[in-house]
């Protein structure tokens, strides 16, 4: 629990205002990889609650540790799958992060869109990552 508050303090200090989040996304795109600090900042921009869950999933990882590589040559489905494999990253968060990094390729998919598209497991429960990624990408 303490690590979440440490990251919350860091985010408050360094900001999650749109210009800083966009700079973070551009830097991650140029590096072709995303680190813990980038991922938390972009997740917090999407949803403070999501960033809290993610900080728990990434506990014990240093700020500069690269979480996953996101090469621009990868397919949309592969990029989404790579992020969804990170503990604490949902399809909604992954789509938000990818829409910041690759706005020409991605849009944010949140629960409203998922419900509208009727993306469920067939038993009424919503799809969870990474199971949702192929369905969202049309596979």
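The values are calculated or read from the model by the stated rules, or taken from the named source; none is laboratory data. The model shown is predicted, which means the values in this text are computed figures rather than measured ones. Quick reminder, even Gly has a Cβ in these numbers, built from the backbone with ideal geometry, and neighbours come from all protein chains shown.
Remarks
- Number of positions in segment 69-95 that are within 15 Å of residue 38 (Cα to Cα) and more than 11 Å from the chain's Cα centre (by Cα): 2
- Among the candidates 29, 105, 23, residue that is in contact (Cβ under 8 Å) with a residue 60 or more places away in the chain and over 13 Å from the mean Cα position of the chain (by Cα): 29
- Restricted to helices (runs of 4 or more DSSP H) entirely inside segment 1-93, those with at least 1 residues that are at pLDDT below 85 and loosely packed, with under 12 Cβ neighbours inside 10 Å are 2-14, 18-31, 48-57.
- Residue 104 meets all of the listed conditions (1) at pLDDT 85 or above; (2) in a helix (DSSP H, G or I) but one, namely (2).
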